[in-house]
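To keep things clear, I will list the structure first and then write my remarks on it.
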Amino acid sequence: MIAERSDYSSLRKNLLDGNPSVVRLVTDYLQRIKEHTHINAFITVFDDRALQYAHAVDEKLHSGDNPPLAGMIVAVKDNICIRNTRVTCASKMLSEFTSIYDATVVKRLEDAGAIIIGKTNLDEFAMGSSSESSYFGAVRNPHDPEYVPGGSSGGSAAAVAADCAITAIGSDTGGSIRQPASFTGIYGLKPTYGRVSRCGLVAFASSFDQIGPFARSVTDVALLLSVIAGYDPSDSTSSKIAVPDYTERLSKNISKLRIGVPEEYFTSDLDENVRSVIDEQIYRLKDFGAGIKKISLPHTEYTIAAYYILTTAEASSNLARYDGARYTYRAEEISDLNDMYTRSRSEGFGEEVKRRIMLGTFVLSTGYYDAYYRKAQKVRRLIKGDFDKAFSEVDCIVTPTSPTTAFRIGEKVDDPLQMYLTDVYTTSANLAGIPGISIPCGKDRKGMPVGLQLLGKQFDEKTLLNTAFALEQ
């Protein structure tokens, strides 16, 4: 069982009083990581670096400077760059690559006083739904190590769930924050596309990827989002829309809220145990005074097909840079340039990454581009249109995060289609560029966590956080 631990919001007053010191807190967390190595949540742990930053934050606190995240212990997914440290993307291809700069989110976290304690494990190049495809081994669910923690940000989710970090940062391309948050019983937010800078995030599918937070409370999610969100001139897709202080806007009052329940997300494919837990939460929202309205998102059935055509196409383009010629793994005893390219990529990439590169190259090829890629782009617009219509009638949408709870390690690894379908309720938010949050709301008969998903209008994370806050209370 996982012990109940304080969130940062509860701990902050003690930290500001110097009890415990940030150095002591970091020392305790480094010890806790050592005690939980069987979860395999971390690829790299920053023992010396974290303690060095902790000393600096303690000095700031002693001088009366109280940065907003002073002493918050944060784990960062290992596809996000931190200067002078490895960024492996859990791949042999980048296993020895060292970043020469900080991602924008890393700069903002550390400027706010957060302590980054290490880089977390993930599915290779963030391509997966179980965190089993890592070159550094599978991540395990802290609730039961025989089960997956979800993916691709499984290491970040597992680190927070096991209290090896107070909060964590992940990336979400089709559910990679929300689904592992659901499987491990914590909060995970995918912000609106463009709300958080992607500068320093190693690209999987550039028009889908978004960085976001994991935490054990809604307030901590709001704190993190307030710090990492905002325009960044280094990211041409980041938005200039002003960032509110999300913590000041948290409210339990949702009596005037209109919440949509899409019929397409409550079909026979949804596990009955998960359905009963989600139904109970919908009744709670109604009890709080929210208006519940049945809605339809008619193009939902095409979501997975469109998502995997478009994201693999973008992955095929983005991963072309890993050719063995520059900063990545290079095969030994090569005979010529073509042999170097072929063997380096064959040896450096894992099976799932190679599968997606081949699929993406196929849908972009002459004779198939119109039949697949162009058609999938049209479907993406239809899915976005479904949400636009729905949000003219409701303020947010409630769904399950995943059709099931966590599954056993190895259960789906040989069946890619079944693995892909675990993201059937999350990929639509990335296709439409809208925000989504997974909220822990109960457990199934096996004792594994169930997550509820809230989807909102673009740049309306406020409504999602308020609704989550009401359920949390």
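The values are calculated or read from the model by the stated rules, or taken from the named source; none is laboratory data. Predicted, not measured: the structure shown is a model, and the values here were computed from it. Note: ideal-geometry Cβ built from the backbone for every residue, glycine included; neighbour counts use all protein chains shown.
Hey, can you tell me all the residues within segment 218-245 that are touching a Cys at 6+ places or on another chain (Cβ under 9 Å) and within 14 Å of residue 192 (Cα to Cα)?
238
Quick test for you: out of 366, 404, pick the one residue that is surrounded by fewer than 22 Cβ atoms within 10 Å (Cβ to Cβ), over 17 Å from residue 297 (Cβ atoms), among the hydroxyl-bearing types (Ser, Thr, Tyr) and modelled with pLDDT under 95.
Values: 404 fails: modelled with pLDDT under 95.
Only one candidate passes the filter, namely 366.
Determine whether segment 57-78 contains at least one residue that is closer than 27 Å to residue 316 by Cβ and in a loop (DSSP other than H, G, I, E, B). Before you say what the answer is, go through the steps one by one.
First, pick out the residues of segment 57-78 that are closer than 27 Å to residue 316 by Cβ: 76-78.
Filter once more, so that each one left must be in a loop (DSSP other than H, G, I, E, B): 78.
Among the residues of segment 57-78, at least one is closer than 27 Å to residue 316 by Cβ and in a loop (DSSP other than H, G, I, E, B), which makes the answer yes.
Can you tell me which residue in segment 79-106 is surrounded by the most Cβ atoms within 10 Å (Cβ to Cβ), limited to those that are assigned to a loop (DSSP other than H, G, I, E, B) and in contact with a Cys (Cβ under 7 Å, 6 or more places away or on another chain)? Steps first, answer last, please.
Of segment 79-106, the ones assigned to a loop (DSSP other than H, G, I, E, B) are 79, 81-85, 87-91, 95-97, 99-103.
With the extra rule that they be in contact with a Cys (Cβ under 7 Å, 6 or more places away or on another chain), the set shrinks to 79, 87, 99, 101-103.
Values: 79: 31, 87: 23, 99: 18, 101: 14, 102: 20, 103: 27.
It comes out as 79.
Which of the residues spanning segment 320-373 are within 25 Å of residue 90 (Cα to Cα) and among the small types (Gly, Ala, Ser)?
Correct list: 320, 324, 325, 331, 344, 346, 348, 350, 360.
I need the full set of residues from segment 244-255 which are in contact (Cβ under 8 Å) with a residue 40 or more places away in the chain, under 14 Å from residue 460 (Cα atoms) and surrounded by fewer than 20 Cβ atoms within 10 Å (Cβ to Cβ), in order please.
Passing the criteria: 244, 249, 250.
Might you check whether a residue that is small (Gly, Ala, Ser), under 23 Å from residue 172 (Cβ atoms) and touching a Leu at 6+ places or on another chain (Cβ under 8 Å) occurs anywhere in segment 77-97?
yes
From the residues in segment 309-333 that are out of contact with any Ser or Thr (no Cβ under 8 Å at 6 or more places or on another chain) and over 28 Å from residue 373 (Cβ atoms), which one is surrounded by the fewest Cβ atoms within 10 Å (Cβ to Cβ)?
By that ranking, first place goes to 333.
Could you count how many residues in segment 107-150 are within 30 Å of residue 233 (Cβ to Cβ) and surrounded by fewer than 20 Cβ atoms within 10 Å (Cβ to Cβ)? Break it down stepwise before answering.
Residues of segment 107-150 that are within 30 Å of residue 233 (Cβ to Cβ), as a first pass: 107-120, 122, 125-127.
Within this subset, residues satisfying the condition of being surrounded by fewer than 20 Cβ atoms within 10 Å (Cβ to Cβ) are 107, 110-112.
Qualifying residue count, segment 107-150: 4.
Of all residues in segment 226-255, count the ones that are β-branched (Val, Ile, Thr) and at pLDDT below 95. Don't jump to the end; show me each part of the working.
Going residue by residue through segment 226-255, those that are β-branched (Val, Ile, Thr) are 227-228, 237, 241, 243, 247, 254.
Now drop any that are not at pLDDT below 95, which leaves 247, 254.
Residues that pass the stated criteria total 2.
Any residue in segment 65-78 that is surrounded by fewer than 19 Cβ atoms within 10 Å (Cβ to Cβ), more than 18 Å from residue 197 (Cβ to Cβ), touching a strand residue (DSSP E or B) at 6+ places or on another chain (Cβ under 8 Å) and at pLDDT 95 or above?
Scanning segment 65-78 turns up no residue that is surrounded by fewer than 19 Cβ atoms within 10 Å (Cβ to Cβ), more than 18 Å from residue 197 (Cβ to Cβ), touching a strand residue (DSSP E or B) at 6+ places or on another chain (Cβ under 8 Å) and at pLDDT 95 or above.
What is the one condition in (1) exposed (fewer than 15 other Cβ atoms within 10 Å of the Cβ); (2) without any contact (Cβ under 8 Å) to a residue 60 or more places away in the chain; (3) of a type in the set (Asp, Glu) that residue 269 does not satisfy?
(2)
So how many residues does segment 107-134 have that are outside any strand (DSSP E or B) and either modelled with pLDDT under 95 or over 29 Å from residue 422 (Cβ atoms) (or both)? Can you show your working first?
Step one: of segment 107-134, the residues outside any strand (DSSP E or B) are 107-114, 121-134.
Now narrow it down to the ones that are either modelled with pLDDT under 95 or over 29 Å from residue 422 (Cβ atoms) (or both): 107-114.
Residues meeting the conditions: 8.
Residues being touching a helix residue (DSSP H, G or I) at 6+ places or on another chain (Cβ under 7 Å) and without any contact (Cβ under 8 Å) to a residue 24 or more places away in the chain: count how many of those fall in segment 65-82.
The total comes to 0.
Can you run down the residue pairs with Cβ atoms below 8 Å, 6 or more apart or on separate chains, where the first is in segment 275-294 and under 15 Å from residue 466 (Cα atoms) and the partner is among the β-branched types (Val, Ile, Thr) and part of a helix (DSSP H, G or I)?
Listed pairs, sorted by first residue: 285/467; 290/467.
May I ask you to list the residues in segment 346-361 that are in a helix (DSSP H, G or I), touching a residue at least 24 places away in the same chain (Cβ under 8 Å) and in contact with a Lys or Arg (Cβ under 9 Å, 6 or more places away or on another chain)?
347, 348, 357
Given segment 362-434, what helices (runs of 4 or more DSSP H) lie entirely inside it while holding 3 or more residues that are among the polar types (S, T, N, Q)? Talk me through it step by step, then tell me what you get.
Numbers: elements: 375-390, 416-420, 427-432.
Qualifying helices (runs of 4 or more DSSP H): 427-432.
Being outside any helix (DSSP H, G or I) and either out of contact with any Cys (no Cβ under 9 Å at 6 or more places or on another chain) or exposed (fewer than 15 other Cβ atoms within 10 Å of the Cβ) (or both) is the filter here; which residues of segment 23-44 pass it? Full working, then the answer.
Taking segment 23-44 first, the residues outside any helix (DSSP H, G or I) are 36, 40-44.
Hits for segment 23-44 are 40, 43, 44.
What's the number of the only condition in (1) assigned to a helix (DSSP H, G or I); (2) more than 25 Å from residue 87 (Cα to Cα); (3) within 25 Å of the chain's Cα centre (by Cα) that residue 14 fails to meet?
Residue 14 satisfies every listed condition except (3).
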